[in-house]
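K.L.:
Before anything else, here's the structure in question.
The values are calculated or read from the model by the stated rules, or taken from the named source; none is laboratory data. All figures in this text were calculated on a predicted structure; none of them were measured in a lab. Using ideal geometry, Cβ is built from the backbone for each residue, glycine included, and neighbour counts are taken over all protein chains shown. Ligands, DNA and RNA are stripped out before the accessible areas are found, and what is left, the full protein with its side chains, is counted by its heavy atoms. Shrake-Rupley method; radii C 1.70, N 1.55, O 1.52, S 1.80 Å.
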Amino acid sequence: MKKVGDHRRAMSESGHSQPGLYGMERRRRWKDPGSIGPQNLSGPGGRERDYLAPWERERRDASEDSSAALMQKTPIILSKPPAERSKQPPPPAAPALPPAPAPLEKPIVLMKARDEGKGPPTTGAPTPEGAAPPPAAAPAPPKGEKEGQRPTQPVYQIQNRGMGTAAPTAMDPVVGQAKLLPPERMKHSIKLVDDQMNWCDSAIEYLLDHTDMLVVGVLGLQGTGKSMVMSLLSGNTPEEDQRAYVFRAQSAEMKERGGNQTSGIDFFITQERIVFLDTQPILSPSILDHLINNDRKLPPEYNLPHTYVEMQSLQIAAFLFTVCHVVIVVQDWFTDLSLYRFLQTAEMVKPSTPSPSHESSSSTGSEEGTEYYPHLVFLQNKARREDFCPRKLRQMHLMIDQLMAHSHLRYKGTLSMLQCNVFPGLPPDFLDSEVNLFLVPFMDSEAESENPPRAGPGSSPLFSLLPGYRGHPSFQSLVSKLRSQVMSMARPQLSHTILTEKNWFHYAARIWDGVKKSSALAEYSRLLA
């Protein structure tokens, strides 16, 4: 016991205290940090700081870690000022996104502010207009693109814009009725080229912007029945009065005087959009007689009346060969060789088909692939019973084929009397070279209905009651067959571009002007003189 007391005394004298006293002193120093400082190194306290018991070191490390953690968390919390939290309190803004009214209100308010900033003169507009914001809500959605409505709003905007542009046209009843109205129906023909060979513009009023049309022209000598045939093809019937025909036929008085009824070119278009062009007779003696007896002045480029008459006929034929799909050549007896010579001359002086390039259009147009040629139909009007004989029919086809052998006109392969059951007993290959030839008998419906030919007096009573043999179908049935075959012909392209009815009219006017100024026709006229 004495050794223990001496040891404690030695420790107190050397500056070391007992463990209990040291712990109390240590806690006191931590509670009063001002009393311990790094500058108080002398004295007994400095040595105590250098030496720490293990349990005190662990307690000190734990207290320093807790204080350091407190020191680090405090700046993080204080970095978010409470004022900012008060402005945007709800992180619950995420659940507030689903309701649609909340995001839509903001764009409306912002849009009003933008309108006021853009247009000072309209500052008073938002306040009095209570119903103005609903229409303005359509352009507002672009403001709310951040709200998640971007896919739907542009679609709504485009549809609204499209409806706005279509509204004025749909609200115009005049335009809608004009498109639904049928084209004006013609009752009589009008002039396309007058008797002075001048172009007339009145026909364009009856034309539309349709491309599906057929143009049919006619050529023939005087008194062959051109106007009657064109009237029957355009819709008239043989039972009607000829004075009500579309194209005025030759009257009895005109026949007695030996005059011609049609002068220039007459125009008529049907509801089926088929254009018919009736022409004055080619190589007409009545026109020549009128020029000589009435002392009409000739154009300066023509010296003789007969030259002028022939050049007029060539101009009309060359014009039809350029602007028509089908050209019908009417003759009332078989056949006149001068007619075929005239057709070949008109084909020679025909204007070349316009091409897309101006260089190729300036050429002579001798290439067959680039030139246009119409369908040519030979119509034998006022045919007799012997003309319908199969042997005579074969001879006519063979002669026309030989006369037109060197022509580029489409005179064969597009019309056939054998295919329309006119000759039911003949096979389809009966004709070796079938041309576009059609036969039509006399139109004498009154005599045919009142006094039909009957059997002879020596026959039996049964056969005397039956009508006699005519040798051909009726006139009306043959005309209907001819009409169906002409209307079903192919419609080749007249120019390098597809023409509408109005475009065809301007194209025909340009062709007629070119025909009148043609250098080929002028040279041919000089050779005739």
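K.L.:
Which condition number does residue 392 fail, the rest of (1) touching a residue at least 60 places away in the same chain (Cβ under 8 Å); (2) surrounded by 12 or more Cβ atoms within 10 Å (Cβ to Cβ); (3) of a type outside the set (S, T, N, Q) being met?
P.N.:
For residue 392, the failing item is (1).
K.L.:
Report yes if residue 248 is open to solvent by 40 Å² or more (accessible area, probe 1.4 Å), over 25 Å from residue 524 (Cα atoms), among the basic types (Lys, Arg) and within 39 Å of the chain's Cα centre (by Cα), otherwise no.
P.N.:
Yes; evaluated as a whole, the condition is true for this residue.
K.L.:
Could you please tell me which pairs satisfy a Cβ distance under 7 Å, a separation of 6+ or placement on different chains, a first residue in segment 301-317 that is modelled with pLDDT under 90, and a second residue that is in a helix (DSSP H, G or I) and not hydroxyl-bearing (Ser, Thr, Tyr)?
P.N.:
Close Cβ pairs (under 7 Å, with a partner that is in a helix (DSSP H, G or I) and not hydroxyl-bearing (Ser, Thr, Tyr)) amount to 301/522; 302/311.
K.L.:
Further question on the same structure: Considering only residues of segment 161-183 that are surrounded by 10 or more Cβ atoms within 10 Å (Cβ to Cβ) and part of a loop (DSSP other than H, G, I, E, B), which is modelled with the highest pLDDT?
P.N.:
183
K.L.:
Counting only residues that are touching a Ser or Thr at 6+ places or on another chain (Cβ under 9 Å) and modelled with pLDDT under 60, which one in segment 446-476 is nearest to residue 237 (Cα to Cα)?
P.N.:
In this case the residue turns out to be 448.
K.L.:
Can you give me the number of residues within segment 192-225 that are closer than 12 Å to residue 265 by Cα, more than 34 Å from the chain's Cα centre (by Cα) and open to solvent by less than 50 Å² (accessible area, probe 1.4 Å)?
P.N.:
Qualifying residue count, segment 192-225: 3.
K.L.:
Sticking with this structure for a sec: For segment 486-522, give me the residue count where each residue is acidic (Asp, Glu) and open to solvent by 70 Å² or more (accessible area, probe 1.4 Å).
P.N.:
Of the residues in that region, 1 qualify.
K.L.:
Every residue in segment 397-430 that is surrounded by 19 or more Cβ atoms within 10 Å (Cβ to Cβ) and either among the small types (Gly, Ala, Ser) or over 37 Å from the mean Cα position of the chain (by Cα) (or both), please.
P.N.:
397, 400, 404, 417, 422
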